Amino acid sequence: MSGPAAGTAVAATTTDVVCLGESMVTFLPSQPGRLADVPSFGRGIGGAESNVACALAASGHRAAWVGRVGADGFGDHLVETIASYGVDTSAVRRDPFRPTGIYFRTATDRGTDTHEVAYYRAGSAASAMSPANVPYEELFAGRILHLSGITAALSDDCLALLRELTAARPGRPLVSFDVNHRPHLWRGGDASVLLELARRADLVFVGEDEAEEAWGIVGAEAIRAAVPEPSVLVVKRGSAGATVFASGLRPGPRSSNAGGAECGGAEDAADATGPDTVTHVPALLVDVVAAVGAGDAFAAGFLSATLRGLPVRDRVRHGHLMAAAVLTVPGDLTEPPARDHADRLVALGDDAWGTLRLGPGWTAADRASEEVRTP
């Protein structure tokens, strides 16, 4: 079958967020240096959508990850590790003919010239995902369906799948889309398709830098002008924070564009024809250990607060805090701050928020040891 049946309806949901995408085994260097010089690597996992699912599950939400892995040991490791975070992996498919993707990276910041990543994902099991072989019932069973532009770059079939999942139809849950532009995946391809997909979603995350690189669009307001359809657009501005454009916020059932599924947050009922409310929230001061996985963590924090129905400012602050948890550890994933701990920080006044500095180990700190100071 190609695509969900017409008129597919969502049953009573038992899942908060379903995330679809490729996850890979990642090999992390034992020491800094060029890949050619690193003597050994530790094994971990990496994948934007599975990162979001793991962070949400660790934060107490019911999260599921849907993907495709090889019938190999690396596939076993991925499924078992993701499930260990409390994520439902029952809808993951195993491919007997294609391998699980893997990659190696250096210890340096992804944004520096010395950072290296060696991907071995061409022809992977995940690249074979298509409208004909994914479990639509499971994908549409959550309150939110989270996708990213990485999947669209893997193959023509994967792009066709994202077009199916973002198409307006009865029964579609709220669609969250992280643009996640990865230039190396689009060599010879047309990254403008990410703009098309973003315009079909309900909630969009995009960085100012990636919007400029992928679409030639500069500035948050210009991005909103190019992506007017989503009820909520989150423009990430690096150390400057994030700006959220939310249109027509009001209580009530969701619009028919999202299939009538309720999600508990004000923007879930947004009327995209209404005027925007614009909210800017400064970023935190963070002693960065490794700038890997922060964007996924931010999305997870924002989605977590969305599921709780918190105000837009608080959603962004929870995103910043979840990102800070990952920025202060070496890998893509870590234990998030306890909810009451995060809520206390989110409730700080603007001045206190502006002087809050977080370093390694902060998520385990009690309130008395939180470092609040002017840098």
query = Which of the residues that make up the stretch 287-310 are under 12 Å from the mean Cα position of the chain (by Cα) and either among the aliphatic types (A, V, I, L, M) or under 21 Å from ARG105 (Cα atoms) (or both)?
reply = GLY293, ALA294, GLY295, ASP296, ALA297, ALA299, ALA300, LEU303
key: Selection status of HIS77, in contact with a strand residue (DSSP E or B) (Cβ under 8 Å, 6 or more places away or on another chain), closer than 30 Å to VAL38 by Cα and free of Cβ contacts under 8 Å to residues at least 12 places away in the same chain   = no
message = If I ask for residues that are over 15 Å from ASP88 (Cβ atoms), aliphatic (A, V, I, L, M) and surrounded by fewer than 24 Cβ atoms within 10 Å (Cβ to Cβ), which ones from the stretch 38-65 would you list?
response = VAL38, ILE45
remark   = The condition of being surrounded by fewer than 18 Cβ atoms within 10 Å (Cβ to Cβ) and in contact with a helix residue (DSSP H, G or I) (Cβ under 7 Å, 6 or more places away or on another chain) holds, among ARG68, ARG94, only for ARG94
note = The residue that is farthest from LEU358 (Cα to Cα), considering only those in the stretch 302-313 that are of a type outside the set (Gly, Ala, Ser) and open to solvent by less than 30 Å² (accessible area, probe 1.4 Å), is LEU307
task = Please enumerate the residues belonging to the stretch 311-352 that are over 15 Å from the mean Cα position of the chain (by Cα) and within 16 Å of THR243 (Cα to Cα).
result = PRO311, VAL312, ARG313, ASP314, ARG317, ASP350
remark   = GLU80 vs (1) open to solvent by 30 Å² or more (accessible area, probe 1.4 Å); (2) in a loop (DSSP other than H, G, I, E, B); (3) of a type in the set (Asp, Glu); (4) at pLDDT 95 or above: all pass except (2)
ask   = Among the residues of the stretch 327-359, how many are in a helix (DSSP H, G or I) and open to solvent by less than 10 Å² (accessible area, probe 1.4 Å)?
value = 5
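The values are calculated or read from the model by the stated rules, or taken from the named source; none is laboratory data. Only a predicted model underlies this, so the values are computations on that prediction, with no experimental measurement involved. Cβ coordinates were reconstructed from backbone atoms using ideal geometry, including for glycine residues, and neighbour counts include every protein chain displayed. Just the protein is used for accessible areas: all its heavy atoms, side chains included, with ligands, DNA and RNA removed. Shrake-Rupley method; radii C 1.70, N 1.55, O 1.52, S 1.80 Å.
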